[in-house]
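> Mind looking over this structure? Questions follow.
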Amino acid sequence: MQFGHFDDSNKEYVITTPKTPYPWINYLGSENFFGLVSNQAGGYCFYQDARLRRLTRYRYNNVPTDVGGRYFYIHEAGDYWTPSWGPSKKELDAYECRHGLGYTKISGTRGGLKADLLFFVPMGETCEVHQVTLKNESKQKKSVKLFSFIEFCLWNAQDDGTNFQRNFSTGEVEVVGSTLYHKTEYRERRNHYAFYHVNAKVAGFDTDRETFLGLYNGFSEPDVVTRGKSGNSVASGWSPIGSHCLEAELAPGEERTFVFVLGYVENPQAEKWASPGIINKVRAERLIEKFATSEQVAGELAKLKQHWQNLLSGYSIKSSDEKLDRMVNIWNQYQCMVTFNMSRSASYFESGIGRGMGFRDSNQDLLGFVHLVPERARERILDIAATQFDDGSAYHQYQPLTKRGNNEVGSGFNDDPLWLILGTAAYIKETGDASILDEQVPFDNDASKAASLLEHCKRSFDHVIKNLGPHGLPLIGRADWNDCLNLNCFSETPGESFQTTENREGRTAESIFIAGMFVAIGPEYAALAELRGQTTEAARVRSEVAKMSEVVLKHGWDGNWFLRAYDFFGNKVGSKECKDGQIFIEPQGYCVMAGIGVATGEAKKALDAVKERLDTKYGIVLNNPPYAEYHLELGEISSYPPGYKENAGIFCHNNPWIMIAETVIGRADRAWEYYRKIAPAYLEEISEIHRTEPYVYSQMIAGKDAVRHGEAKNSWLTGTAAWNFVAVSQHLLGVRTDYTGLRIEPCLDKSLSSFTVTRRARGATYVIRVKNEGTGKVALKVNGSAIEGTLVPYAKSGETVQVECSV
Ligand code: BGC
């Protein structure tokens, strides 16, 4: 069943009912100011950090779901309603929500009045613009009142939701004409405030929640709205809100537009006050003037659309498969940008409080956005590297506002360091900017302990070698990619964190997954060392990698697939000898991507075992059979009921590793079959089962052993976005940047007879026309002349290169 449809020409998903199987959301903002908005106008916004600079409130996991947002209530002759359907839930004659790139439009009609809402964050500004157009579509004159509503968060979202003994007494506002200023804690250490403005004279306002709603009402029936009259309340403590009341007389056919600005302002310490106790509003006034008219709004929206047009034109495809085209050209790349902006901090599954930026997550996300915003990828790499320790280990997470490692989570996830090498290599391949390797980067944010980025990569590589276990395989530490395989945790205390508790000194449990990563990513470090003339170092690295490859085949091979790990006691994990958890997806993907066993047949066997044991109609599950009971020696993985999350859920992040692995052994059919199984555009018709947005990937789809097989959770913020883009763009369609040229190696099944990819790289444009002749062998012509091999040398910036590829 569908709840909407794609509009590819406008790059929008059009939702045609407010009652989607789950709130279907979008993100606003590209630089410093961000918002989440659902198809019922739910959500919230923040400046830079979803935990520390939250502007508006949102109550997670509320009843009903998706409560709190940017609401516009309409009152007309005793009737009241909301064009987004929720929160009033009054029936609408028409409803539509269009989620576009960085903006959302919602329109609702009732009783001959149409209301169009537009939400976006303008480029370069720290505000949201909400534009409301009311149109009288009836034959009678209408006299309506429009009430805006947002609820301010007292900045620190965690404190805001817990510290009530203090927070009910700190709220402060100022009201000046049509602008409502929220200035809680500005009197002391904060130098930032928020404001909510409308570009028209108001008939009334409210800033106190209780006055607006009534103590015993929900958002569906605010006192002020049902009554049709503002309370003109000035908040003092309790819960400050922002609400304007606007009156409009509309003749038949007439329309009226209001522009609201919800902004964030920081003042330098010396310029905090206009007069004692009165905030300096100069910066707010500049923002207000910038969005005074709907023409200005239209101009800013056009700029935003142009921005996205430019970004997405870096990699685009034209083929006969419209689902493929819309994933590659629009939604997958868009999701990659959102994961760049948010990491795992704020979605409808992530509260924006718990996690900052993950070390491994951010490095992997980078693979999906480095071609979109290379300069920002550079900064991100340096930020991440600065949270590494001088022994090569790394903080598992850091806070985006402070850019400092998060002590609560600490380090000890032994895969983390290697991802830094992968991210750095991807950046240099994309840009050619090897100077990043010479950047001096602190360890643990301590400038007195700085070394070159190349040295950071060396420490990453050596961290693995210095931490080998009894079989010569890498020690797992707290966890490797799979945060829930906790082989040193041994937790018997309810609620204890599986990731941060280490109850036994962990120098025995080993990870075959990290070994696979080491073999796959080690050569990238060797190439980086060579870029800096370190040939001896590169040779050392290659010999360590070759050694590890042998160790994997000797101690990491189970007969038909790669083992997952050895536990604390030296017992096998992911072996036919195990009762549950006999086979895991991760080592099959990464070891084959590394090339282990490709020449000797193990790779093919491992991927056949994946097909047989792990594949389902909705994607590949993580392990099989699922753990039926809790295992003290395995940790969180066995805490989930069978089929969910890391216990045999379909973890969409690692499905693309299998797709890429299949291309490594040349099995295009399988690779494409796996791709289409989890790519959201192909799942649109089963939205009632899948439930999350059909335009973005989710982290997890319930596996074959789950009661709710096929149901997805944790949409938007997942490494799935980057890895599926890597899989489809670089390995299936086969166009990827390398150090000296563009590598072109499509791996195609029968479904695509031809297509054209346009790829921008290092300032030049490559138009690559691919013909699928079923040979499986790539033949290239560059500007009309045949070339040997699959590498198209980089052209000069500004040039357009025509490539013909037959395969
Ligand atoms: C984490 C990843 C991890 C994955 C698998 C996600 O929630 O963000 O870092 O690799 O789970 O455990």
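The values are calculated or read from the model by the stated rules, or taken from the named source; none is laboratory data. None of these values were measured; they are calculated from a predicted model. A quick note on method: Cβ atoms are made from the backbone with ideal geometry, for glycine too, and the neighbour counts reach across all protein chains shown. Calculation scope for accessible area: heavy atoms of the full protein, side chains included, ligands and nucleic acids excluded. Shrake-Rupley method; radii C 1.70, N 1.55, O 1.52, S 1.80 Å.
> Quick one: which residue in L36, L55 is buried (at least 24 other Cβ atoms within 10 Å of the Cβ) and under 24 Å from N406 (Cα atoms)?
L55
> Which residues, taken from the stretch 578-604, are under 17 Å from L473 (Cβ atoms) and either free of Cβ contacts under 8 Å to residues at least 60 places away in the same chain or touching a strand residue (DSSP E or B) at 6+ places or on another chain (Cβ under 7 Å) (or both)?
F584, P587, Q588, C591, G597, E602
> Check whether at least one residue in the stretch 476-491 is open to solvent by 50 Å² or more (accessible area, probe 1.4 Å), over 20 Å from E537 (Cα atoms) and in a loop (DSSP other than H, G, I, E, B), and report yes or no.
Within the stretch 476-491 (the criterion being open to solvent by 50 Å² or more (accessible area, probe 1.4 Å), over 20 Å from E537 (Cα atoms) and in a loop (DSSP other than H, G, I, E, B)), the answer is yes, since at least one residue qualifies.
> Under 9 Å between Cβ atoms, which residue pairs at least 6 apart in sequence (or on different chains) link something in the stretch 221-246 that is without any contact (Cβ under 8 Å) to a residue 24 or more places away in the chain and open to solvent by 10 Å² or more (accessible area, probe 1.4 Å) with a partner that is in a loop (DSSP other than H, G, I, E, B) and not hydrophobic (A, V, I, L, M, F, W, C)?
D223/G214; D223/N217; D223/G231
> Next up: Within the stretch 502-529, count every residue that is out of contact with any Phe, Trp or Tyr (no Cβ under 9 Å at 6 or more places or on another chain), in a loop (DSSP other than H, G, I, E, B) and surrounded by 23 or more Cβ atoms within 10 Å (Cβ to Cβ).
Number of matching residues: 0.
> While we're looking at this one, here's another question. Identify, by number, the condition in (1) polar (S, T, N, Q); (2) in a loop (DSSP other than H, G, I, E, B); (3) within 18 Å of the chain's Cα centre (by Cα) that S320 doesn't meet.
S320 satisfies every listed condition except (3).
> Something else: Out of all the residues in the stretch 640-659, which are in a loop (DSSP other than H, G, I, E, B) and in contact with an Asp or Glu (Cβ under 8 Å, 6 or more places away or on another chain)?
Once the filter is applied, which keeps residues that are in a loop (DSSP other than H, G, I, E, B) and in contact with an Asp or Glu (Cβ under 8 Å, 6 or more places away or on another chain), the stretch 640-659 yields Y640, P642, G643, E646, A648, N654.
> Which numbered condition trips up I476, out of (1) out of contact with any Phe, Trp or Tyr (no Cβ under 9 Å at 6 or more places or on another chain); (2) within 16 Å of the ligand (Cβ to nearest atom); (3) of a type in the set (A, V, I, L, M)?
Here I476 clears every test but (1).
> Scan the stretch 58-80 residue by residue and report those that are open to solvent by less than 30 Å² (accessible area, probe 1.4 Å), of a type outside the set (S, T, Y) and assigned to a strand (DSSP E or B).
Within the stretch 58-80, G69, F72, I74, H75 qualify.
> For the stretch 780-800, enumerate the residues that are within 33 Å of the chain's Cα centre (by Cα) and part of a strand (DSSP E or B).
L791, V792, P793, T800
> So, one more: For W85, which of the numbered conditions (1) crowded, with 20+ Cβ neighbours inside 10 Å; (2) under 19 Å from the mean Cα position of the chain (by Cα); (3) assigned to a loop (DSSP other than H, G, I, E, B); (4) among the aromatic types (F, W, Y) fails to hold?
In the conditions (1) crowded, with 20+ Cβ neighbours inside 10 Å; (2) under 19 Å from the mean Cα position of the chain (by Cα); (3) assigned to a loop (DSSP other than H, G, I, E, B); (4) among the aromatic types (F, W, Y), W85 misses (2) alone.
Rundown of residues vs (1) of a type outside the set (K, R); (2) within 16 Å of the ligand (Cβ to nearest atom), yes/no style:
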| site | (1), (2) |
| --- | --- |
| N445 | yes, no |
| K449 | no, no |
| E455 | yes, no |
| K466 | no, no |
| D480 | yes, yes |
| C484 | yes, yes |
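> Which one of R760, R708 is surrounded by fewer than 18 Cβ atoms within 10 Å (Cβ to Cβ) and in a strand (DSSP E or B)? Spell out how you get there, then give the answer.
Numbers: R708 fails: in a strand (DSSP E or B).
Testing whether each residue is surrounded by fewer than 18 Cβ atoms within 10 Å (Cβ to Cβ) and in a strand (DSSP E or B) leaves just R760.
> Is it fair to say L134 is out of contact with any His (no Cβ under 9 Å at 6 or more places or on another chain) and either of a type in the set (F, W, Y) or buried (at least 20 other Cβ atoms within 10 Å of the Cβ) (or both)?
Considered against the rule, which asks whether it is out of contact with any His (no Cβ under 9 Å at 6 or more places or on another chain) and either of a type in the set (F, W, Y) or buried (at least 20 other Cβ atoms within 10 Å of the Cβ) (or both), L134 comes out as yes.
> While we're on this one: Within the stretch 322-361, can you find the residues that are among the small types (G, A, S) and near the ligand (Cβ under 10 Å from one of its atoms)?
Passing the criteria: S343, G358.
> Let me ask you something else. With respect to the numbered conditions (1) out of contact with any Asp or Glu (no Cβ under 9 Å at 6 or more places or on another chain); (2) within 24 Å of V198 (Cα to Cα), which one is the sole condition not fulfilled by Q269?
With (1) out of contact with any Asp or Glu (no Cβ under 9 Å at 6 or more places or on another chain); (2) within 24 Å of V198 (Cα to Cα) applied to Q269, the lone miss is (2).
> Would you point out which residue out of G392, G354 is surrounded by 24 or more Cβ atoms within 10 Å (Cβ to Cβ) and not in a helix (DSSP H, G or I)?
Details: G354 fails: surrounded by 24 or more Cβ atoms within 10 Å (Cβ to Cβ).
So the residue among G392, G354 that is surrounded by 24 or more Cβ atoms within 10 Å (Cβ to Cβ) and not in a helix (DSSP H, G or I) is G392.
Let's see how each residue does on (1) in contact (Cβ under 8 Å) with a residue 60 or more places away in the chain; (2) open to solvent by less than 30 Å² (accessible area, probe 1.4 Å); (3) within 16 Å of the ligand (Cβ to nearest atom); (4) not in a loop (DSSP other than H, G, I, E, B):
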residue: A628; (1), (2), (3), (4): no, no, no, no
residue: S638; (1), (2), (3), (4): no, yes, yes, yes
residue: A661; (1), (2), (3), (4): yes, yes, no, yes
residue: D669; (1), (2), (3), (4): yes, no, no, yes
residue: Y675; (1), (2), (3), (4): no, yes, no, yes
residue: A681; (1), (2), (3), (4): yes, yes, no, yes
residue: I689; (1), (2), (3), (4): no, no, no, yes
residue: P694; (1), (2), (3), (4): yes, yes, no, no
